[in-house]
Amino acid sequence: MTPRTSQHTRVSAVLFDRDGTLVEDVPYNGDPARVRPLPGARQALELLRGAGFATGVISNQSGIGRGLLKETDVRRVNDRANTLLGGLNTWVYCPHAPEEGCPCRKPRLGLVIEAARRLGMPPSQCVVIGDIAADMQAPHAAGARGVLVPNAATQPGEVETASSTAPDLLMAVRRILAGTETWGDRP
């Protein structure tokens, strides 16, 4: 299967938020033993890999900037998640606290741009799947597309303003693979 076209741009990669999208959200998790994939996450990734899509993770990790985690802790947690999920092509994270105003932290575009660069494609060929508004604002700013998969952390207004939503991760991926995902005009 070949990566699909959406609104005249071929989608070649799917980038995921980590916490609350691929794995259970454990605030400031530095312990690989606490990593638990969310239902459907591994299957969604297997479907994407089987269809020839590149995959990656873009994640804010402000615990580093706040002094609650070390970069080695985040890398160990990412490595454990990567193993449990069957392997993703790239992992990019922002180590800064929100008040630092860095250009990489979601909702800014830096993580999307860097992940696309590492995957060797323009951001316009990427779709980002996440669970909060910042996860949707980052791809919009970078020229990519976003799909919101709501959970308990998602605010009702975030669902209303999302250009695309799916009830769960597996459905979001199936729609992307089928080329039936529709992209609204909202950010």
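At a glance:
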quantity	calculated
Residue that is at pLDDT below 95 and surrounded by fewer than 22 Cβ atoms within 10 Å (Cβ to Cβ), where the choices are Ala141, Ala152, Ala133, Ala162	Ala152
Residue within the stretch 13-31 that is over 20 Å from Pro167 (Cβ atoms), touching a Ser or Thr at 6+ places or on another chain (Cβ under 8 Å), among the small types (Gly, Ala, Ser) and modelled with pLDDT of 95 or more present	yes
Complete set of residues in the stretch 87-126 that are over 16 Å from His140 (Cβ atoms) and either touching a Lys or Arg at 6+ places or on another chain (Cβ under 6 Å) or basic (Lys, Arg) (or both)	Thr90, Cys94, His96, Ala97, Arg117, Arg118
Among the candidates Leu84, Leu111, residue that is modelled with pLDDT of 95 or more and more than 16 Å from Gly130 (Cβ to Cβ)	Leu84
Residue satisfying condition, being free of Cβ contacts under 8 Å to residues at least 24 places away in the same chain and more than 22 Å from Leu48 (Cβ to Cβ), within set Pro156, Pro122, Pro150, Pro98	Pro156
From Val128, Val77, residue being in contact with a strand residue (DSSP E or B) (Cβ under 8 Å, 6 or more places away or on another chain) and β-branched (Val, Ile, Thr)	Val128
Failed item in (1) within 16 Å of the chain's Cα centre (by Cα); (2) under 16 Å from Ile58 (Cβ atoms); (3) not in a helix (DSSP H, G or I), with Cys102 passing the rest	(1)
Residue, nearest to Gly40 (Cα to Cα), within the stretch 76-85, restricted to residues that are among the hydrophobic types (A, V, I, L, M, F, W, C) and buried (at least 18 other Cβ atoms within 10 Å of the Cβ)	Leu85
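A quick yes/no check of all residues on (1) over 19 Å from Gly110 (Cβ atoms); (2) surrounded by fewer than 18 Cβ atoms within 10 Å (Cβ to Cβ); (3) under 13 Å from the mean Cα position of the chain (by Cα); (4) basic (Lys, Arg):
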site	(1), (2), (3), (4)
Tyr28	yes, yes, no, no
Asp31	yes, yes, no, no
Ala44	yes, no, yes, no
Arg49	yes, yes, no, yes
Gly56	no, no, yes, no
Asn60	no, no, yes, no
Val74	no, no, no, no
Gly87	yes, yes, no, no
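The values are calculated or read from the model by the stated rules, or taken from the named source; none is laboratory data. Everything quoted here is computed from the prediction, not taken from an experiment. Every residue, glycine among them, receives a Cβ derived from its backbone with ideal geometry; neighbour counts consider all protein chains shown.
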